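Every number here is computed from the coordinates shown, using simple stated rules; none is lab data. Every value quoted in this text rests on a predicted model; they were computed, and no experiment measured them. Heads up, the Cβs are rebuilt from the backbone with ideal geometry, glycines too, and the neighbour counts pull from every protein chain shown.
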Amino acid sequence: MRFRRAERLPDDVRASLPLEPGERVIAAARDRGEGWLVATERALLVGDRRTPWTDVVHARWDDEQLLLTVDLAPDAGPSMRLALTDPGRLPETVHERVMDSIVLSRRVPVPGGAVRVVARRGDGSPETLWQVVPDAGTDLADPAVRDQVEASLAVLRAELG
């Protein structure tokens with residue numbers, strides 16, 4: 001990773017951000033379309049889209065292409081491919097925030113494939129958010145898969161307390 005001094009987030013951009021009360025900006029970077037990507041302690045802000053860290057399944061940084069790929073939970077929308085001009089600390093901040101939200105993550109074999117069961121800390125909420133992320137080709141609608149997922153969730157919830 002090349003470390004660069006990040007460009008400062010302009011005051012007018014900061015003022016237009018859909019920040020929640022008490023939310024603060026941690027890192028920001030300009031994308032190639034001249035917009036801004038902003039990481040707060042609660043979410044990734046891309047244009048008018050707000051993605052809570054609990055919705056980010058995985059993020060990958062390509063230093064050669066200056067490309068951040070953000071994979072989202074199945075019900076959170078499509079993956080985002082974000083081309084940056086000057087990444088600053090945004091890629092490592094995204095990684096840190098995603099990892100910080102994960103309390104437990106287990107890969108569970110199910111009929112016809114596998115799923116990843118993830119327990120996450122919600123945005124300021126004491127409740128645990130449980131996610132089931134299927135591997136490609138795994139059918140969550142299959143009753144045998146649903147039964148195995150439910151059994152695994154019960155075990156993991158008991159384990160977590």
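Full extension of the segment from GLU20 to THR128, taken as 0.36 nm per residue of separation minus the current Cα-Cα distance, would add 36.8 nm.
When you filter the GluC sites (Glu not before Pro) in the stretch 80-161 for DSSP loop state and at most 13 other Cβ atoms inside 10 Å of their Cβ, you are left with GLU127. Annotation for LEU67 and LEU160: the two label points, set 7 Å from Cα along the Cα-Cβ direction, are 3.3 nm apart. Near GLY88, the amide H atoms lying under 5 Å from its own belong to ARG4; only residues 5 or more places off or on other chains count, and H is placed 1.01 Å from N. For the stretch 16-45, GluC sites (Glu not before Pro) are listed when DSSP marks them as loop and at most 14 other Cβ atoms sit within 10 Å of their Cβ; the list is GLU34. The chymotrypsin sites (Phe, Trp or Tyr not before Pro) of the stretch 1-73 that meet both conditions, a loop assignment by DSSP and at most 10 other Cβ atoms within 10 Å of the site Cβ, are PHE3.
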